[in-house]
1. Just one of the numbered conditions (1) part of a loop (DSSP other than H, G, I, E, B); (2) farther than 27 Å from residue A:34 by Cα is not true of residue B:85; which one?
2. Just for the range A:14-41: of the residues that are crowded, with 19+ Cβ neighbours inside 10 Å and of a type in the set (A, V, I, L, M, F, W, C), which one is farthest from the other protein chains (Cβ to nearest Cβ)?
3. Residue B:67 passes all but one of (1) farther than 23 Å from residue A:104 by Cα; (2) exposed (fewer than 13 other Cβ atoms within 10 Å of the Cβ); which number fails?
4. Can you tell me which residue in the range B:37-54 is least open to solvent (accessible area, probe 1.4 Å), limited to those that are assigned to a loop (DSSP other than H, G, I, E, B) and among the aliphatic types (A, V, I, L, M)?
5. Of everything in the range B:55-80 that's charged (D, E, K, R) and outside any loop (DSSP other than H, G, I, E, B), which residue is farthest from residue B:3 (Cα to Cα)?
6. Going through the range B:62-73 one residue at a time, which ones are in contact (Cβ under 8 Å) with a residue 24 or more places away in the chain and over 11 Å from the mean Cα position of the chain (by Cα)?
7. Name the single residue, out of those in the range B:18-32 being surrounded by fewer than 17 Cβ atoms within 10 Å (Cβ to Cβ) and in contact with a Ser or Thr (Cβ under 6 Å, 6 or more places away or on another chain), that is farthest from the other protein chains (Cβ to nearest Cβ).
8. With the structure loaded, tell me whether residue B:100 is out of contact with any strand residue (DSSP E or B) (no Cβ under 6 Å at 6 or more places or on another chain) and part of a loop (DSSP other than H, G, I, E, B) or whether it fails that test.
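The values are calculated or read from the model by the stated rules, or taken from the named source; none is laboratory data. It should be emphasised that the depicted structure is a prediction, and the values quoted were computed from it without experimental measurement. A quick note on method: Cβ atoms are made from the backbone with ideal geometry, for glycine too, and the neighbour counts reach across all protein chains shown. Accessible surface areas use protein heavy atoms only, side chains included; no ligands, DNA or RNA. Shrake-Rupley method; radii C 1.70, N 1.55, O 1.52, S 1.80 Å.
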Amino acid sequence: AQSVTQLDSHVSVSEGTPVLLRCNYSSSYSPSLFWYVQHPNKGLQLLLKYTSAATLVKGINGFEAEFKKSETSFHLTKPSAHMSDAAEYFCVVLYNTDKLIFGTGTRLQVFP
Amino acid sequence: GAGVSQSPSNKVTEKGKDVELRCDPISGHTALYWYRQSLGQGLEFLIYFQGNSAPDKSGLPSDRFSAERTGGSVSTLTIQRTQQEDSAVYLCASSLGGELQFFGPGTRLTVL
């Protein structure tokens, strides 16, 4: 069965410093993985997706994620946080070709 | 508009009343999903429609929950005899049947 675990419920960083949001997955086969972002009072937006074409995936707004099979991880990173990055981030795995299984989310706070 | 729309954006109801939540998917999308996002939790899959196939209802939490999709487009999620634990944000998503789902802004349901 597929599942994802987001290791931190909250992450706080200062503006201009790197962001690391951690995600580990469990899958019986090569998974499709995603990161979604949810800004306050807004819908979910796809940041990036991994579908085995390349292990380092670049997304929108300067975010990227690296798929590491040996560590069953798909951590989300950004070199320099911006105030507008403050949001809830969800790591997601595709199940059974058409269902998404969401992690419990990581709330990112960015301080000036 | 071009995106997934949901109505109402907010719904406050009294315990025991029935509610209907509406989702208008992106035109041409054959797949439609309903999720529930409770406070402090990730997104929980509820139900999935794909074309003319029988819906996948495996995520519905009780028989008080039902959904229909008319004409392969608009969907209505109905919750009968609402309970306080039904309070959550209900999200709808649509896709072309693959892995990329586009989410609506959600309906925030509050059961008093």
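1. Condition not satisfied by residue B:85: (1).
2. A:19
3. The failed condition is (2).
4. Residue satisfying both the conditions and the ranking: B:54.
5. B:56
6. Of everything in the range B:62-73, those that are in contact (Cβ under 8 Å) with a residue 24 or more places away in the chain and over 11 Å from the mean Cα position of the chain (by Cα) turn out to be B:72, B:73.
7. The selected residue is B:20.
8. So residue B:100 passes the test.
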